[in-house]
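The values are calculated or read from the model by the stated rules, or taken from the named source; none is laboratory data. What you see is a predicted model, and the numbers here were worked out from it, not measured in a lab. Glycine also receives a Cβ, built like all others from the backbone with ideal geometry; neighbour counts cover every protein chain displayed. Calculation scope for accessible area: heavy atoms of the full protein, side chains included, ligands and nucleic acids excluded. Shrake-Rupley method; radii C 1.70, N 1.55, O 1.52, S 1.80 Å.
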Amino acid sequence: MKVLLSWLREFAPFEGDPVELGEQMSDLGMAVESLDVLGGGLDGIVVARVLALRPHPNADKIQLVDVDTGDGEPLQICCGAFNMAVGDLVPLATLGTVMPGGMAIERRKMRGEWSNGMLCSGRELELGDDHSGILVLPPALADRLGAPFAEAMGIEADVLYDLEINPNRPDAMSVAGVARDLAARMGLPFTPLSPAVPEGGAAIAGRASVTIHDPELCGRFLVRILEGVQVGDSPEWLARRLTLLGMRPINSIVDISNYVMLELGQPNHTYDLDKVPGGELHVRWAREGETIRTLDDTVRTLRSTDGVIADRSDHAIGIAGVMGGASTEISASTRNVLLEMAWWAPMAIAISSAQLGLRSEASMRFERGADPEGLELAAQRFAELVAAGAPTSTLAAGTVVAEGDLPSREAIRVRTERVSALLGHPFTGEDVRRLLEPIGFVFDQAADGVDGEQLVRIPSFRFDTTTETDVIEEVARHHGYSRIGRRMPSGVHAGRLSERQRDRRTIRQVLVGLGLDEAMPMPFLAPGDLDRAGLGEIPPVTIANPLAAEESVLRTSLRAGLLKAIAYNESHRNEGAQLFEIGKVWSGHRIGPDGVPDEREQLCAVLAGVDAHDAVRTLRTLLSALAVPGIGIEQVAVPGLHPTRAGEVVATGGDGPPVRLGAVGEIDPSVLDDFGIAARVACLELDLDALLALPHGERPYAPISRYPSSDTDLAFEVADTVPAADVEATIRHSAGPRLVDLRLFDVYRGPGVAAAHRSLAYRLRFQAPDRTLTDEDVASARAAVIAAVEATHPARLRA
Amino acid sequence: MIDDLHDLASAATARIEAASSLDDLRALEADLLGKKGRLAEVKKQLGGLEPDERRAVGQQVNDVRTTIETAVGAKRAELEGEARRARLEAERLDLTELGPFRGRGHLHLVTQTQERLEDVFVGLGFTVSEGPEVETDWYNFEALNIPPSHPARGMWDTLYVDAGAPQTVLLRTHTSPVQIRVMQRQEPPIYSVMPGRVYRRDTADASHMPVFHQIEGLVVDRGISFADLAGTLEAFTSAYFGGSIHSRLRPSYFPFTEPSAEYDINCVFCEGRGCRTCGQTGWLELGGCGMVHPNVLAAVGLDSETWSGFAFGFGIDRLALMRHGVDDIRELFTNDVRFLSEF
């Protein structure tokens, strides 16, 4: 919403620094988005008359204009516009003038001809958007040649504010409403308009009628008749105000309609009375599929949730609260005007304008709730402005009003104690009253009556205000948010992260410590991405209204997004990227009763340029950091991973069947090909919901023995089909409680070892808590281990 | 004999001094002082001497032994020192002669910012709560006092998913539904912040992404007031941005709070003096806040006469960009390791 300071001043005597006034508006919740000082920078612009127009000898797009600035001497100007005629009055920027845009006017040659100044368009003077030609001034200024332009035109310095108005401020969608709010804050008297228009001619009765067929659509509908109007151009001052507030002047009647809307916040509509048979209007819901040609010359198909104004033959001639129809449009030949002032149900207009994709200045105001009590005033103001421009016109006596359902306006009980408690600031009943009366709230009871509460009647222009809390917000607003004190909640409460959040931080810290970078790919994928990653088995959840097909699928795994990131990095010569992500994934397999798909938190790490063992080491380090016991790897086929270099991560610790936690290994080379990745890529993928649901984080104290330990080495020749983890399990199981450390220190394939076998060399460390072990102790443990491994696996001890 | 001993001593010290290695020195030591050494031979002859002479010569033998031992000791220390110096010199390492190595990795800038925010709020007595990113219309809108067809729905461009009835399941447009879930899970008092990822049907540009991050705060307790909101946000502002940065609240509108406010802070670039970033106003708009609307409390069965609360929320990504002077939000999501490893 834009407002002009000069217009605001017609309602209250605002003085002082425009910037400070703007700060007050912002502090009232009407945030000043921009502030422009107008009419400044017109020094040096004078009124001039065109004496002669001559072609430029060396240029087609410039002409030579001789102008007179009052001394009768022709002054040659080079000009790129051709819209003026000899005798026209035009604004001339004289030499030395600095234009509002900052350009300095100097005497200079253009294509060999001198130019002694510049003729100006409306836009160059910042008086509007018109840049199609030189601004031609009214002939009445003929006796002001050479006079300062601003003075001759009666342009006073003004300030244009662009305000951001919140949806709960229907009152602030008008110049008067902004003025009322600001006057209350500044302690200035607010003077409402009191338009006085003589009535004449035949009375309206019998010449116009309104029938509201659907009362829930329209609360009130008022019409008046204006006769003998002349449709022409609006006066300069009115056109200028409309232009500055962002509306295009069209003709005198339409401009007045818009002017009244901007000034009072009451959208209205004008019909050519002679095109409305019998002046008869019917208000009803549209029929499904009903069509209407609207003012913008578009045929629109309506739905039963749109409202219409129909004529006697039930043809729609306007869409309620959104846009008028073309058939009854005001034209140059219109003489008699039927003026509509209505109050439409806000929700109806919101739905209708959204559905039609038509957000007009009118619908924006009706949506928030216009003022049902303001219709008469707005109609009077309309008539006053018409009369001012066309003295021959008359306002027919009387009004026709039809009523539907209006919002009930019950007085609201406001408890002073509640106001103070909710705002955390001590208010008296008198404070509340003092703050709210200037913005139109009416108090029925003496301040702070017996019960410390007051009955407050809400002004009709505040459709938004229906509860005690709404009123309290107004108290806060006018008291000033910044003047409410600050304190901290007094109760004792412990702040902390949950176990899950701490675990997540641990995971991130460990991975970062291992040299991985945290990536953040989009959770959206293109339809083929999951298939490319070999993850086509799980049906993904799709987006119903994606912005682009490439962002239409929700990921079922983090892997695809990270592979894209690896490919991106590789193509930018960032070889060896090591990335991880913790994020949500969704499965179309499992949809909850409320329609919400199963959502799980996943961890995925992709390591370019290293092999599966690096991923396993990463896994082991993580498990140790989180203290999760009983996790193993089952080397089975995993979709999208390398057929011989990957497996599932499973929890075997619990009583039930093994729980699948994720996968570890390398990405399938054919997947890498599809993603255009040249490097080998190791991968670790864990379902964090499953992993962190396992018992973990327990680290019981184990006393360290003070007695010496003994090592013994064992090398077994083991078939490749036997996982080292199985051999290790057998060793641990058979070595007895004195085995304190076991490590695989060498793996060897080659001469001396059978084909399809390898040598696994382990170092076993034994230690007792209560004594030094003897050679016999170690020897018998060693023998037991050898026997067990050879008995359990196709393995034999190497000599 | 005494003279012999003198000669022996001076010859011995000369030889010791001439020793060139620890091995030489060890051989020399054995030759001089060993059981079959020179001194031992002299000692054997002592028995044949007169008691007086034996005492004098014996004394002399001991003196010579001491002299030799001292000389050997000194020489050994010298040779050992030389050997150690030679060994260390051979081990010399140029510390700057460093090949490539994998340094630490990097947390994403958004994570770093989120953790900083969480830490400040934990310090102010808040827990950290989470909720799902795919939500129902009820949690995302209705329970937050935004019924169907409410014009305020236009404030959020929503992405819906193909699940459940049409337009009932969506990607949450803000972290506010977590407020509802927290109030359902837990009786007041509630002091919690809710960071997380949110979604809008927005085309990506320098300041918008269809996916970004917010942090939301919720307090519900007895006697919570607007002054508590203002005080809490001021405490957060100085804790997070530094003591010279202050906050202000301006009236605003959100369906789920009333009174509602915009939460501004002193521009962190010019500290309030006015600059290009803040449009010469000296203030930066950070987010929205307000007192929890009675209808929101009612949606979770809380009586607004007994309980009151405040809520606030703002973007995490923008704070991340601000701290490091990144001017395009899309940078955060390229996953280029050169960008990731800058922070």
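Counting residues in the range A:601-610 that are of a type in the set (A, V, I, L, M, F, W, C), open to solvent by 10 Å² or more (accessible area, probe 1.4 Å) and free of Cβ contacts under 8 Å to residues at least 24 places away in the same chain gives zero.
Residues that are more than 11 Å from chain B (Cβ to nearest Cβ) and part of a loop (DSSP other than H, G, I, E, B) within the range A:536-571 comprise A:Gly536, A:Glu537, A:Ile538, A:Arg555, A:Thr556, A:Ser557, A:Leu558, listed in sequence order.
From the residues in the range A:516-530 that are closer than 19 Å to A:Ile677 by Cβ and at the interface with chain B (Cβ under 7 Å from one of its Cβ atoms), which one is most open to solvent (accessible area, probe 1.4 Å)? Don't jump to the end; show me each part of the working.
Applying the first criterion (closer than 19 Å to A:Ile677 by Cβ) to the range A:516-530 yields A:516-517, A:519, A:521-522, A:525-526, A:528-530.
Filter once more, so that each one left must be at the interface with chain B (Cβ under 7 Å from one of its Cβ atoms): A:516-517, A:519, A:521-522.
Working: A:Leu516: 4, A:Asp517: 16, A:Ala519: 1, A:Pro521: 8, A:Met522: 43 Å².
Filtering first and then ranking leaves A:Met522.
Screening A:Tyr707 with (1) open to solvent by 70 Å² or more (accessible area, probe 1.4 Å); (2) in contact with a Leu (Cβ under 8 Å, 6 or more places away or on another chain); (3) part of a helix (DSSP H, G or I) gives one miss only, at (3). Residues in the range A:475-507 that are free of Cβ contacts under 8 Å to residues at least 40 places away in the same chain and not in a helix (DSSP H, G or I): A:Arg486, A:Met488, A:Pro489, A:Ser490, A:Gly491, A:Val492, A:His493, A:Ala494, A:Gly495, A:Arg496, A:Leu497, A:Ser498. Touching a Leu at 6+ places or on another chain (Cβ under 8 Å), under 19 Å from B:Leu319 (Cα atoms), among the hydroxyl-bearing types (Ser, Thr, Tyr) and open to solvent by less than 20 Å² (accessible area, probe 1.4 Å) - does that describe any residue in the range B:112-129? Yes: one or more hits. Residues considered: A:Thr467, A:Thr428. Of these, the only one that is of a type in the set (Ser, Thr, Tyr), open to solvent by 20 Å² or more (accessible area, probe 1.4 Å) and within 14 Å of chain B (Cβ to nearest Cβ) is A:Thr467.
Considering the conditions (1) within 28 Å of the chain's Cα centre (by Cα); (2) surrounded by 18 or more Cβ atoms within 10 Å (Cβ to Cβ), A:Ile292 is excluded by exactly one of them, (1). Looking at the structure I just gave you, is B:Arg172 more than 9 Å from every other protein chain (Cβ to nearest Cβ), closer than 21 Å to A:Arg590 by Cβ and free of Cβ contacts under 8 Å to residues at least 60 places away in the same chain? So B:Arg172 passes the test.
Go through the range A:561-595 and give me each residue that's of a type in the set (Phe, Trp, Tyr), under 21 Å from A:Phe675 (Cβ atoms) and open to solvent by less than 10 Å² (accessible area, probe 1.4 Å). Don't jump to the end; show me each part of the working.
Taking the range A:561-595 and keeping what is of a type in the set (Phe, Trp, Tyr), we get A:568, A:580, A:586.
Filter again for under 21 Å from A:Phe675 (Cβ atoms), leaving A:568, A:580.
Within the range A:561-595, just A:Phe580 meets the criteria.
Looking only at residues of the range A:254-286 that are among the small types (Gly, Ala, Ser) and not in a loop (DSSP other than H, G, I, E, B), we find that the one that is nearest to A:Ile309 (Cα to Cα) is A:Gly279. The single condition among (1) crowded, with 21+ Cβ neighbours inside 10 Å; (2) at pLDDT below 95; (3) at the interface with chain B (Cβ under 10 Å from one of its Cβ atoms) that A:Gln454 does not satisfy is (3). For the range B:135-157, filtering for residues that are in contact with a Leu (Cβ under 7 Å, 6 or more places away or on another chain) and either at positive phi or within 8 Å of chain A (Cβ to nearest Cβ) (or both) leaves 1. Only residues that are part of a loop (DSSP other than H, G, I, E, B) and in contact (Cβ under 8 Å) with a residue 60 or more places away in the chain were counted across the range A:115-165, and they come to 15. All of B:Val169, B:Val198, B:Val182 fail the test of being farther than 22 Å from B:Cys289 by Cβ and open to solvent by less than 10 Å² (accessible area, probe 1.4 Å), apart from B:Val169.
Here is a check on your reading of the model: is A:Ala533 more than 8 Å from chain B (Cβ to nearest Cβ), of a type in the set (Gly, Ala, Ser) and without any contact (Cβ under 8 Å) to a residue 24 or more places away in the chain?
Numbers: more than 8 Å from chain B (Cβ to nearest Cβ): yes; of a type in the set (Gly, Ala, Ser): yes; without any contact (Cβ under 8 Å) to a residue 24 or more places away in the chain: no.
In short, no.
Could you go through the range A:371-380 and let me know if any residue there is acidic (Asp, Glu), touching a strand residue (DSSP E or B) at 6+ places or on another chain (Cβ under 8 Å) and surrounded by fewer than 19 Cβ atoms within 10 Å (Cβ to Cβ). Scanning the range A:371-380 turns up at least one residue that is acidic (Asp, Glu), touching a strand residue (DSSP E or B) at 6+ places or on another chain (Cβ under 8 Å) and surrounded by fewer than 19 Cβ atoms within 10 Å (Cβ to Cβ). Consider B:Asp228 against the criteria (1) outside any loop (DSSP other than H, G, I, E, B); (2) touching a strand residue (DSSP E or B) at 6+ places or on another chain (Cβ under 6 Å); (3) closer than 22 Å to A:Tyr481 by Cβ: it satisfies all of them except one. Which criterion is unmet? Among (1) outside any loop (DSSP other than H, G, I, E, B); (2) touching a strand residue (DSSP E or B) at 6+ places or on another chain (Cβ under 6 Å); (3) closer than 22 Å to A:Tyr481 by Cβ, B:Asp228 violates only (2).
Specify which of the listed residues (A:Leu64, A:Leu51) is more than 14 Å from chain B (Cβ to nearest Cβ), in contact (Cβ under 8 Å) with a residue 12 or more places away in the chain, crowded, with 18+ Cβ neighbours inside 10 Å and not in a loop (DSSP other than H, G, I, E, B). A:Leu64 is the lone residue from the list that is more than 14 Å from chain B (Cβ to nearest Cβ), in contact (Cβ under 8 Å) with a residue 12 or more places away in the chain, crowded, with 18+ Cβ neighbours inside 10 Å and not in a loop (DSSP other than H, G, I, E, B). Against the conditions (1) surrounded by fewer than 21 Cβ atoms within 10 Å (Cβ to Cβ); (2) within 30 Å of A:Arg620 (Cα to Cα); (3) modelled with pLDDT of 95 or more; (4) in contact with a Leu (Cβ under 8 Å, 6 or more places away or on another chain), A:His479 satisfies every one except (2). Candidates in the range A:745-771 are the residues that are of a type in the set (Ser, Thr, Tyr) and open to solvent by less than 70 Å² (accessible area, probe 1.4 Å); of these, the one that is nearest to A:His733 (Cα to Cα) is A:Tyr762.
All conditions in (1) more than 24 Å from A:Arg502 (Cα to Cα); (2) part of a loop (DSSP other than H, G, I, E, B); (3) among the β-branched types (Val, Ile, Thr) hold for A:Ile633, with the sole exception of (2).
Could you tell me whether any residue of the range B:300-311 is touching a strand residue (DSSP E or B) at 6+ places or on another chain (Cβ under 7 Å), of a type outside the set (Lys, Arg) and without any contact (Cβ under 8 Å) to a residue 40 or more places away in the chain? No - not one qualifying residue is present in the range B:300-311.
Within the option set A:Ala577, A:Ala625, A:Ala646, A:Ala651, being touching a residue at least 40 places away in the same chain (Cβ under 8 Å), small (Gly, Ala, Ser) and under 15 Å from A:Arg680 (Cα atoms) holds for one residue only, A:Ala577. Residue-level check: of (1) loosely packed, with under 12 Cβ neighbours inside 10 Å; (2) under 30 Å from A:Ala761 (Cβ atoms), A:Tyr701 misses just (2).
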